[in-house]
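Heads up: the structure comes next, in structure tokens.
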Amino acid sequence: MTPTTPAARLRALKPDWLNDPKVWRTEILAGLVVALALIPEAISFSIIAGVDPAIGLFASFTMAVTISIVGGRRAMISAATGAVALVIAPMNREHGLGYLIATVILAGVFQIVLGAVGVAKLMRFVPRSVMTGFVNALAVMIFMAQVPEMHDVPWPVYPLIVGGLALMVFFPKVTRVVPAPLVSIVILTVITVAAGIAVPTVGDKGELPSSLPVPGLPDVPFTLDTLTTVAPYALAMALVGLMESLMTARLVDDITDTHSSKTRESIGQGVANIVTGFFGGMGGCAMIGQTMINVKVSGARTRVSTFLAGSFLMVLCIVFGPVVSDIPMAALVAVMVMVAFGTFDWHSVAPKTLKRMPAGEIAVMIITVIVVVATDNLAIGVVVGTVTAMVVFARRVAHLAQVTAVTDPDGTTVVYRVTGELFFASSNDLVGQFDYAGDPDRVVIDLSAAHIWDASSVAALDAIETKYGQRGKSVEITGLNTPSADLHGRLTGELTGSH
């Protein structure tokens with residue numbers, strides 16, 4: 001039945017969850033937990049980038065709020081990240097904050113352009129073994145980032161971390177109404193403050209901002225010289241940010257069994273970075289750790305949690321700054337260790353799985369993990385992993401091109417039947433599989449069970465014809481499918497010296 005009144009029509013347009021108080025509770029509490037976890041991370045990433053903690057916190061606020069509106073993946077958290085901080089840190093070190101802000105804005109422009117031209121479609125070329133390696137490397141990196149917080153600290157930090165982990169493991173068995181990380185943070189803060197235990201706190205990381213960010217232009221000369229200085233860093237930041245965001249979006253798709261628009265997410269990341277730059281933030285991208293807290297630990301599924309994470313972050317800093325400053329780092333370390341444990345794909349390293357998996361796939365996963373952890377850069381790891389996977393695939397497929405020869409009973413003709421995919425790796429072996437000296441004068445190469453993919457294959461077929469031609473023998477190529485015939489027709493005889 002079609003709704004008749006405007007109010008009824010409006011209600012019909014509203015998603016079901018808007019009327020569900022349980023969903024609202026989940027989203028609000030998830031946003032609060034993420035905001036609490038974002039504060040020390042944003043401060044830490046500010047330190048990596050060499051800027052004031054307020055700049056990382058402002059970036060997290062504007063990124064989360066903007067992406068909740070323009071992003072393509074619901075419930076994914078975007079904020080200031082370590083990967084982006086590492087890319088733009090040299091810009092701040094060598095040229096100052098104004099240039100860093102200009103880099104962030106230009107990176108946003110690049111992301112919008114890349115999103116519009118369809119860079120998100122390249123994600124289909126990232127194999128599952130690279131995705132698994134990416135996830136496992138992330139888990140290792142999230143854990144490694146907590147190690148400094150456990151090194152050279154007062155002894156009460158260790159029982160607090162253990163207590164926090166215990167709370168997060170056992171509290172969900174009692175109730176799931178309130179997210180366990182939030183309970184853990186509150187209880188550990190109350191214990192340390194009430195008992196006067198001297199341990200490192202969030203306040204030790206840096207001063208929290210006391211007012212909202214104000215929009216403005218970056219303090220740089222608007223010249224071609226500035227553009228050439230900023231552009232390489234901006235492009236690197238755009239690529240790293242997009243790769244991390246799209247990988248995280250794909251991960252959330254898997255966890256929630258829902259689809260998301262990767263093109264919208266790419267453009268949304270660009271918009272969020274431009275907004276962040278104009279508000280004096282250090283830029284960012286999707287945050288895997290916080291997204292895992294939001295989606296996997298807290299069960300959030302809508303844009304509300306992302307919006308509230310950013311909003312709560314500013315409220316916590318400005319209104320409850322002194323209280324937030326008292327949160328022991330041990331409580332947040334416990335949350336992040338739990339996230340690392342939950343993020344790691346333990347099934348991928350189970351002996352049963354490793355026994356069944358092809359060696360090449362295991363190698364790709366391990367290489368991805370090693371490169372990410374060694375370089376501290378997810379983008380490099382994913383590129384190296386994907387290239388390795390392509391090499392493994394090419395090697396595997398290269399052996400699939402087979403040649404069988406049948407000579408006519410009268411001995412005047414030989415038919416070579418080629419089966420498989422002909423491309424640069426497999427066509428190299430093709431030339432050596434023909435008996436140029438011993439074959440009769442008429443040679444037929446039947447390609448009805450093969451496909452020509454590239455110029456290397458056409459060059460190989462030309463080379464075979466040339467070798468027979470030098471011995472006065474004729475070659476006829478038959479059975480080409482339409483795409484193969486088109487490619488062969490265009491290139492044959494044009495590739496002299498290319499094989």
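Things to note:
- Residue check for ILE477: closer than 19 Å to THR407 by Cβ, under 47 Å from the mean Cα position of the chain (by Cα) and either surrounded by 12 or more Cβ atoms within 10 Å (Cβ to Cβ) or among the hydroxyl-bearing types (Ser, Thr, Tyr) (or both): yes
- Yes/no for ILE197 being touching a residue at least 24 places away in the same chain (Cβ under 8 Å), open to solvent by 70 Å² or more (accessible area, probe 1.4 Å) and farther than 27 Å from ASN92 by Cβ: no
One line per residue, one yes/no per condition, for (1) at pLDDT 95 or above; (2) within 21 Å of ASN377 (Cβ to Cβ); (3) surrounded by 24 or more Cβ atoms within 10 Å (Cβ to Cβ); (4) β-branched (Val, Ile, Thr):
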site	(1), (2), (3), (4)
ARG250	no, yes, no, no
ASP254	no, no, no, no
ASP257	no, no, no, no
SER261	no, no, no, no
GLN269	yes, yes, yes, no
GLY277	yes, no, yes, no
MET287	no, yes, yes, no
MET292	no, yes, yes, no
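- Checking each residue of segment 458-465 against the condition of being in contact with a His (Cβ under 6 Å, 6 or more places away or on another chain) and surrounded by fewer than 19 Cβ atoms within 10 Å (Cβ to Cβ) gives at least one match.
- In segment 88-113, of all residues being among the hydrophobic types (A, V, I, L, M, F, W, C) and out of contact with any helix residue (DSSP H, G or I) (no Cβ under 6 Å at 6 or more places or on another chain), the one that is nearest to GLY385 (Cα to Cα) corresponds to VAL113.
- Among the residues listed as ALA286, ALA272, the single one being in contact with an Asp or Glu (Cβ under 7 Å, 6 or more places away or on another chain) and in contact (Cβ under 8 Å) with a residue 12 or more places away in the chain: ALA286
- Unique match (being more than 30 Å from PHE341 (Cα to Cα), surrounded by 21 or more Cβ atoms within 10 Å (Cβ to Cβ) and out of contact with any Asp or Glu (no Cβ under 9 Å at 6 or more places or on another chain)) among ALA234, ALA238, ALA180: ALA234
- Restricting VAL337, VAL392, VAL383, VAL323 to those that are over 27 Å from TRP453 (Cβ atoms) and open to solvent by 30 Å² or more (accessible area, probe 1.4 Å) reduces the list to VAL323.
- SER68 over 14 Å from GLY283 (Cβ atoms), modelled with pLDDT of 95 or more, open to solvent by less than 60 Å² (accessible area, probe 1.4 Å) and in a helix (DSSP H, G or I): yes
- Of residues in segment 264-287 being in a helix (DSSP H, G or I) and closer than 26 Å to THR343 by Cβ, the one farthest from the chain's Cα centre (by Cα): THR276
- Residue match in segment 232-246 (condition: over 14 Å from the mean Cα position of the chain (by Cα) and either of a type in the set (Gly, Ala, Ser) or closer than 30 Å to SER325 by Cα (or both)): yes
- The condition of being over 30 Å from PRO358 (Cα atoms), assigned by the TED database to the domain that holds MET329 and not basic (Lys, Arg) holds for only one of LEU106, LEU138, that being LEU106.
- Residue in segment 360-367 that is surrounded by fewer than 22 Cβ atoms within 10 Å (Cβ to Cβ), at pLDDT below 90 and over 30 Å from PRO209 (Cβ atoms) present: no
- Residues that are hydrophobic (A, V, I, L, M, F, W, C) and at pLDDT 95 or above were ranked within segment 87-106; the one that is surrounded by the most Cβ atoms within 10 Å (Cβ to Cβ) is VAL104.
- Check on GLY133, farther than 23 Å from VAL369 by Cα and either assigned to a helix (DSSP H, G or I) or at pLDDT 85 or above (or both): no
- Screening THR228 on (1) farther than 28 Å from PHE344 by Cα; (2) open to solvent by 20 Å² or more (accessible area, probe 1.4 Å); (3) touching a residue at least 40 places away in the same chain (Cβ under 8 Å) shows it passes everything except condition (3).
- Applying the condition of being among the charged types (D, E, K, R), more than 28 Å from the chain's Cα centre (by Cα) and not in a loop (DSSP other than H, G, I, E, B) to segment 1-57 and asking which residue is modelled with the lowest pLDDT yields ARG11.
- Matching residues, segment 229-261, being of a type in the set (Val, Ile, Thr) and over 23 Å from GLY280 (Cβ atoms): THR248, VAL252, ILE255, THR256, THR258
- Selection over segment 162-219 of residues that are part of a loop (DSSP other than H, G, I, E, B), hydrophobic (A, V, I, L, M, F, W, C) and over 24 Å from THR26 (Cβ atoms) gives a count of 7.
- Those residues of segment 128-152 which are over 20 Å from VAL240 (Cβ atoms) and not β-branched (Val, Ile, Thr), in sequence order: ARG128, SER129, PHE143, GLN146, PRO148, GLU149, MET150, HIS151, ASP152
- Residues being surrounded by fewer than 20 Cβ atoms within 10 Å (Cβ to Cβ), hydroxyl-bearing (Ser, Thr, Tyr) and not in a strand (DSSP E or B) - total across segment 417-439: 1
The values are calculated or read from the model by the stated rules, or taken from the named source; none is laboratory data. Treat the numbers as computed from the prediction; the structure is a model and nothing was measured. Heads up, the Cβs are rebuilt from the backbone with ideal geometry, glycines too, and the neighbour counts pull from every protein chain shown. With ligands, DNA and RNA removed, areas are computed over all heavy atoms of the protein, side chains included. Shrake-Rupley method; radii C 1.70, N 1.55, O 1.52, S 1.80 Å.
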